[in-house]
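Comments concern the structure below.
The values are calculated or read from the model by the stated rules, or taken from the named source; none is laboratory data. What you see is a predicted model, and the numbers here were worked out from it, not measured in a lab. Neighbour counts are summed over all protein chains in view; Cβ atoms, including those assigned to glycine, are modelled from backbone coordinates with ideal geometry.
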Amino acid sequence: MGENISWPAPETISVLQFLTTVHFGFGARDRLVDVVGKTGASRPLVVSDKGVAAAGVLAMALSSLDNGEHLPRFLETPPNPTETAAREGARFFNAERCDIVIGIGGGAALDLAKAIAILAASDAPLWEFCNRHNAPRPIENPAPLILMPTTSGSGSEVGRSAVIVFDNGIKAGVGASGLVHAAICDPELTSRLPSHVTAVTGMDAISHCIETFSSPVPNPPCDAIAIDGLKRGLAHIENAVVQGSSDKASRWHMMMTSLQGAVCFQKGMGAVHALSHPIGALGYHHGTLNAIFMPAVLRYNREALGPKYDQLCAAIPNGKGGDIADYLDALNKKLQIPQSLSSLRLTRDQLASIPEQALKDNAHKTNPRPLVASDYTALIEAIY
């Protein structure tokens, strides 16, 4: 299933330097004790969710800390992180007299950890920090923050924002560039994921590579990173889903795909995310929505992408060729990802306001082909 893309020996841990210092590789979780120590902090708040804790992954992530099992924990992470949860987490942080936040989990937990770090030092509504606010408030004196992903999907550990469902119902980002002190990316932390979670989070990472590459913003270094991430993800997602923890190489590559897509967020996204964000605010899984929308959006953007569309098609594994949108349709089916919005039990009434909301989403601005509300309506109907 996978193209033979070289990868380091399993014991190799790389230090990657972007806006965030990233410790990447099997066993990287053992560096947590040193990373925390270098911040000078002594009482971490662990932000995660009950599923990660129940699966034993939280204990695995904290194993280098002598007191890891006794640290204060905020495990009330919603499937889509909310302003309310961030406010509650910040209150808990201060009540427990914590001095650093460690976020461990999928994108929801990591984005929530970012928001908690911001509100730990501010009583202002989180909305005032949002990039959709007319005059976003600057982040001042946030709590130190370390992030440890347990899925290969969102890339939030190196992403430039925290995506939150605000009290006003809008799902949007809080600009958080430079907020994360360090990220620890250990592919072994993804080894206990159920296969369907590996599939939809993996498709989330792939969607980030596709949309950032497709963005018309000129940035050749990011284009190179995004297309490499796409090749890597398409070559290894099936093995990661089918083989699970037994295929260490695929786990490594999928976590790298996730990181690569998120590094390129600076280029902006496109119509896939402009649609997924407002639908996600209704409580639906982000990666699943991205997977469903990708083929239809690629077909819509094909003419505007020009030669870039050919490069996307060339990323199909093993030199098989073909159309990337058709390939993703078949891949979704093979991975048993829902094929339509109706299969998620979304109603047309729920979707009626989505086109207008998509027009206001920041991802809309960098879609390679312009859209109006009727275009978004047509995309929704195409995969309803």
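Which one is farthest from S14 (Cα to Cα) among residues in region 184-242 that are of a type in the set (A, V, I, L, M, F, W, C) and either without any contact (Cβ under 8 Å) to a residue 12 or more places away in the chain or out of contact with any helix residue (DSSP H, G or I) (no Cβ under 8 Å at 6 or more places or on another chain) (or both)?
Our first condition is that a residue be of a type in the set (A, V, I, L, M, F, W, C); within region 184-242, this holds for 184-185, 189, 193, 197, 199-200, 203, 205-206, 209-210, 213, 217, 222, 224-227, 230, 234-235, 237, 240-242.
Filter again for either without any contact (Cβ under 8 Å) to a residue 12 or more places away in the chain or out of contact with any helix residue (DSSP H, G or I) (no Cβ under 8 Å at 6 or more places or on another chain) (or both), leaving 197, 224.
Values: V197: 26, A224: 20 Å.
Here the residue is V197.
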Could you tell me whether N131 is surrounded by fewer than 24 Cβ atoms within 10 Å (Cβ to Cβ), of a type outside the set (D, E, K, R) and assigned by TED's automatic domain parsing to the domain that holds L331? no
Matching residues, region 147-162, being crowded, with 24+ Cβ neighbours inside 10 Å and not in a loop (DSSP other than H, G, I, E, B): L147, M148, P149, A162
Consider G25 carefully, then state whether it is of a type in the set (G, A, S), surrounded by 15 or more Cβ atoms within 10 Å (Cβ to Cβ), under 16 Å from T257 (Cα atoms) and modelled with pLDDT of 95 or more. yes
Could you tell me whether L289 is surrounded by 21 or more Cβ atoms within 10 Å (Cβ to Cβ), within 22 Å of S154 (Cα to Cα) and not basic (K, R)? yes
Can you tell me which residue in region 237-272 is farthest from the chain's Cα centre (by Cα), limited to those that are aliphatic (A, V, I, L, M) and closer than 30 Å to L359 by Cα? A271
May I ask you to verify whether I237 is buried (at least 24 other Cβ atoms within 10 Å of the Cβ), touching a Pro at 6+ places or on another chain (Cβ under 7 Å) and not assigned by TED's automatic domain parsing to the domain that holds K171? no
Looking at S42 and the list (1) buried (at least 23 other Cβ atoms within 10 Å of the Cβ); (2) modelled with pLDDT under 95, which single condition is not satisfied? (1)
Apart from one, (1) surrounded by 18 or more Cβ atoms within 10 Å (Cβ to Cβ); (2) within 21 Å of K38 (Cα to Cα); (3) over 19 Å from the mean Cα position of the chain (by Cα) all hold for D99; the odd one out is (1)
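Scan the helices (runs of 4 or more DSSP H) fully inside region 8-87 and keep the ones with 3 or more residues being closer than 30 Å to D123 by Cα and touching a residue at least 24 places away in the same chain (Cβ under 8 Å). Before you say what the answer is, go through the steps one by one.
Values: elements: 32-39, 50-54, 57-61.
Of the helices (runs of 4 or more DSSP H) lying wholly inside region 8-87, those with at least 3 residues that are closer than 30 Å to D123 by Cα and touching a residue at least 24 places away in the same chain (Cβ under 8 Å) span 32-39.
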Of all residues in region 345-370, which are assigned to a loop (DSSP other than H, G, I, E, B), surrounded by fewer than 21 Cβ atoms within 10 Å (Cβ to Cβ) and either touching a residue at least 60 places away in the same chain (Cβ under 8 Å) or not basic (K, R) (or both)? L346, T347, A352, S353, R369, P370
Just to be sure I understand, how many residues within region 300-316 are surrounded by fewer than 20 Cβ atoms within 10 Å (Cβ to Cβ) and either touching a residue at least 40 places away in the same chain (Cβ under 8 Å) or not assigned by TED's automatic domain parsing to the domain that holds S215 (or both)? 5
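Regarding G106, is this residue farther than 19 Å from S177 by Cβ, assigned by TED's automatic domain parsing to the domain that holds I184, small (G, A, S) and in contact with a Phe, Trp or Tyr (Cβ under 7 Å, 6 or more places away or on another chain)?
Details: farther than 19 Å from S177 by Cβ: yes; assigned by TED's automatic domain parsing to the domain that holds I184: yes; small (G, A, S): yes; in contact with a Phe, Trp or Tyr (Cβ under 7 Å, 6 or more places away or on another chain): no.
Here the answer is no, as G106 does not meet what is asked.
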Quick test of your reading of the structure: A124 fulfils all but one of (1) surrounded by fewer than 16 Cβ atoms within 10 Å (Cβ to Cβ); (2) outside any loop (DSSP other than H, G, I, E, B). Name the failing condition by number. (2)
For P187, all conditions in the list (1) under 21 Å from F24 (Cβ atoms); (2) out of contact with any His (no Cβ under 8 Å at 6 or more places or on another chain); (3) surrounded by fewer than 24 Cβ atoms within 10 Å (Cβ to Cβ) hold save one; what is the number of the exception? (3)
